[in-house]
Ligand code: ADP
Ligand code: MG
C-alpha cells in the first residue's frame, strides 16, 4: 500500500464509502491520512455504570440485557433502547433513527459503549453512543484495541454518510499497513524544535493515547505549513533584493518645504515612516513595505508625499482603495492638501466619466497620480511608467490583485501597502512576513480619546436622548447595523437558535425607518449599504460630510477610512456580531475633529464572552493590544480575507501560537541562509515548490 494508492483498491472500503469520500475530495490513501480530526472525545477510562456522571462523555463496558425498538409517530423516527449492565449497575442507551443498531446488538452481546450521559426528565441514559463489540475486557487506545470507544477518540468533520466511526474504521488498518512515509522536514529541525517525525505524527494525530500526544502531532503539522510559509517569505525577500527598481531622486529641501506647507505638523512617527519609505524608493530595488497605523493616524498624507516624489521624477504613482467612497476621499484629500498638483491627479473608478480620455491620459503620462478602485487594475489600464503602487487597506485585496497591480511593468514598481487593522505580531511575522514594516504609533496631538460604552437594552431611550443632545449641538452620528434587509422567517421552515438570532439582527432598512419616523422625525437621516450603486453611495457620503444629514444609518461599508470630522457619535447595533478589529475600525470613524466623541455599543447578548470581548474595546490601550485579544477570541480569519493566505486550517489556527511561529521562522532562516536553493534537501525542495504553486494560485 502506498500513499498514492486509490482507496477503492483497499480491502474493506466499499463503493458506498468511495462515493461519500469523493464528496470530501478524498480519493487516495494520502488524502485520507491527511484528513485530520477536528477534535477528540476523551473516553480514555472505562467507567463502572454505577459511577457515571451526568453530562460527561464516558465509556462503559457491559452486556446487552434488553433491546426494544419503538417508532415515534410524532417525530417520525425510530427509537432503539438497549439496557446495558455491568457489575456496578445498569443504564439505558438510546439511539434515534439508527434501526441497524438492533441488527448488530443482541441480548448477551458484550461491548463498549461510548457517549454522553444525559438526563431527560427523570431518567438518565447514554445518548446515541458509539459501540464496539469486544470479546473481553480490553485496554484503551492501543493500535490493536478498540478504535471507537476507548481512549481518545478522534472526531472528524462529517458529511452525510461519512461518519467519524466510518473513517476510524477504514483508517486504523491503513495506518498499520502503510509503508514508511518520507518526511520533508529536515530531521535536524525536528530535533531542534522537539517535534515528532512524520510517521509518528500521522499515527498520533488520528489515534493518540493522550491529549498531549494529539497536541504534539497537530503542532508538527502546523509547523510544517508555517515553516514553508517562512521559506516563501525569505525567498520573496531575497528575490526582490535582486530585482531592478526605480531609484528615485529625492530633493530633501523640496520635500521639507512641501511638508511645512501642510496645515498641520507631522507626528514623530509619521516623519519616521516617511523617512523609511523615502530611503526605500531611493534604492535601485523595489520597495515592499507595509505602513501600519491606527485609524486617523494620517497614513494618506505620507503615501501622498511619496507619490509626489515619484511625480517629481516624472514617473507615475497609483493609489488603490477598496471602495468608491474611499477612493473619492483620497482624491479629495490629495487635491486639497497639495493643490499645486491638481492637474496631475486623476480619479479612476467604475463610475468615472469620459473613461476613454482618462485611460489615454494615464497611458501617455499626462496624469501622474492615479487614485482609484479595482478599476485601476482592469486590463485596459496602461501606465506610462509606474514607479509607486500604493494599496490602502491591503487586507481587503487578495494577493492576486496586488500581483495584477505590480505585473507587466518593465521595472517592478515600489510597493506600499497601508493598513489600519492592527495586525497581531504572529501574523505580521508570517502572512505579511515578506514585507518591511513601518509603524505609525501615535495619533495627531489634536485627537481626544473616544468615550466607549456598552449600552444595556433598557438604556436605549437614554442613549437616544444623548444622541439628540449631541445633534442639537451641531454634531452628527453614525448608526451601524449588521445587515441590510430585515430577516424573514420562511413559513413552516425549521430554524436553529443561531439562525433565529440572526433574523432578529437589526437591519439598516428597519432602523432607518424607525429612526426617521419614530425616534428622530425632526432630523435628516440617510441610509448607506453595499447594495447601493457606487455613485449613490459616494453622493450620500459626500452629503453627510457636508452636513446635509444629521444621522447616517449604514452597514459595515463605511468601515474603512471614511473621514467626517464633525461626526462625534458611533452607535453600533448588534455589536457582538463584529470582530474587535472591525469595531475598532468603526470607532475610528469618530474622534477625528476637535469635539469629544462617543462610541455606543448595543447588544442584546448577555453572554459573558461577548461582554468580555466588548469590554476589551474599552480597556485596551491601543489597536495592537486589541488585535492580540481578537486573535485569541476569534482566530486569525478576520484579519485576513479568506483567500488571502492559501493556508490550510491547521496553519491558520497555529497563527495563534506565537512560540510556534517563532520557531518556524528561525528554522526557515537556518535552512535558507545555508542553502537558499535547498540543494541538500531534495524532499523539502519539491514540497516547497508545490507550496509555492498553491499559494500563488490564490
Ligand atoms: P488614516 O491613517 O486612517 O488613513 P487619514 O490619512 O485619513 O488617516 O488622516 C485622518 C485625518 O487626519 C485627515 O483629515 C488628515 O488630513 C489628518 N492628519 C493627518 N496627519 C495629521 C497630523 N499630523 N496632524 C493633524 N491632522 C493630521
Ligand atoms: Mg485611511
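The values are calculated or read from the model by the stated rules, or taken from the named source; none is laboratory data. Please read these numbers as outputs of a predicted model, since none were measured by experiment. Because the Cβ atoms are built from the backbone with ideal geometry, glycine has one as well, and the counts that use them run over all protein chains shown.
Here are the numbers for the structure shown:
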read-out	value
Those residues of region 510-569 which are in a helix (DSSP H, G or I), within 16 Å of ligand 2 (Cβ to nearest atom) and closer than 18 Å to residue 598 by Cβ, in sequence order	558
Enumerated helices (runs of 4 or more DSSP H) restricted to region 293-372, each holding at least 3 residues that are within 27 Å of the chain's Cα centre (by Cα)	299-312, 324-337
Residues located in region 581-615, provided they are surrounded by fewer than 17 Cβ atoms within 10 Å (Cβ to Cβ) and part of a helix (DSSP H, G or I)	608, 609, 611, 612, 615
Every residue from region 247-271 that is buried (at least 17 other Cβ atoms within 10 Å of the Cβ) and without any contact (Cβ under 8 Å) to a residue 24 or more places away in the chain	none
Strands (runs of 3 or more DSSP E) lying entirely in region 45-119 (those with 2 or more residues that are surrounded by fewer than 15 Cβ atoms within 10 Å (Cβ to Cβ) and in contact (Cβ under 8 Å) with a residue 24 or more places away in the chain)	57-72, 89-96
Any hit, region 254-266, residues being within 16 Å of ligand 2 (Cβ to nearest atom), under 34 Å from the mean Cα position of the chain (by Cα) and not in a loop (DSSP other than H, G, I, E, B)	no
All positions within region 407-442 that are away from ligand 1 (no atom under 16 Å from the Cβ), under 25 Å from the mean Cα position of the chain (by Cα) and in a loop (DSSP other than H, G, I, E, B)	424, 430, 431, 432, 433, 434, 435
Members of region 4-14 found to be modelled with pLDDT of 85 or more and farther than 7 Å from residue 28 by Cβ, listed by number	8, 9
Residue match in region 449-467 (condition: closer than 27 Å to residue 267 by Cα and within 16 Å of ligand 2 (Cβ to nearest atom))	no
Some residue of region 352-364 being touching a residue at least 12 places away in the same chain (Cβ under 8 Å), buried (at least 20 other Cβ atoms within 10 Å of the Cβ) and in contact with a helix residue (DSSP H, G or I) (Cβ under 7 Å, 6 or more places away or on another chain)	no
Residue among 380, 365, 408, 372 that alone is within 16 Å of ligand 2 (Cβ to nearest atom) and farther than 30 Å from residue 580 by Cβ	372
Scope region 262-276; condition over 13 Å from residue 309 (Cα atoms) and within 13 Å of ligand 1 (Cβ to nearest atom); matching residues	262, 263, 264, 265, 266, 267, 268, 269, 270, 271, 272, 273
The lone exception for residue 439 - which of (1) within 29 Å of residue 668 (Cβ to Cβ); (2) surrounded by 15 or more Cβ atoms within 10 Å (Cβ to Cβ); (3) modelled with pLDDT under 85 it fails	(3)
Within region 302-331, tally of residues that are touching a helix residue (DSSP H, G or I) at 6+ places or on another chain (Cβ under 9 Å) and within 13 Å of ligand 2 (Cβ to nearest atom)	13
Single condition residue 285 does not satisfy, out of (1) within 16 Å of ligand 1 (Cβ to nearest atom); (2) assigned to a loop (DSSP other than H, G, I, E, B)	(1)
In region 443-452, residue modelled with the lowest pLDDT [restricted to those that are more than 9 Å from ligand 1 (Cβ to nearest atom) and in a loop (DSSP other than H, G, I, E, B)]	448
Some residue of region 378-390 being within 29 Å of residue 530 (Cα to Cα) and within 16 Å of ligand 1 (Cβ to nearest atom)	yes
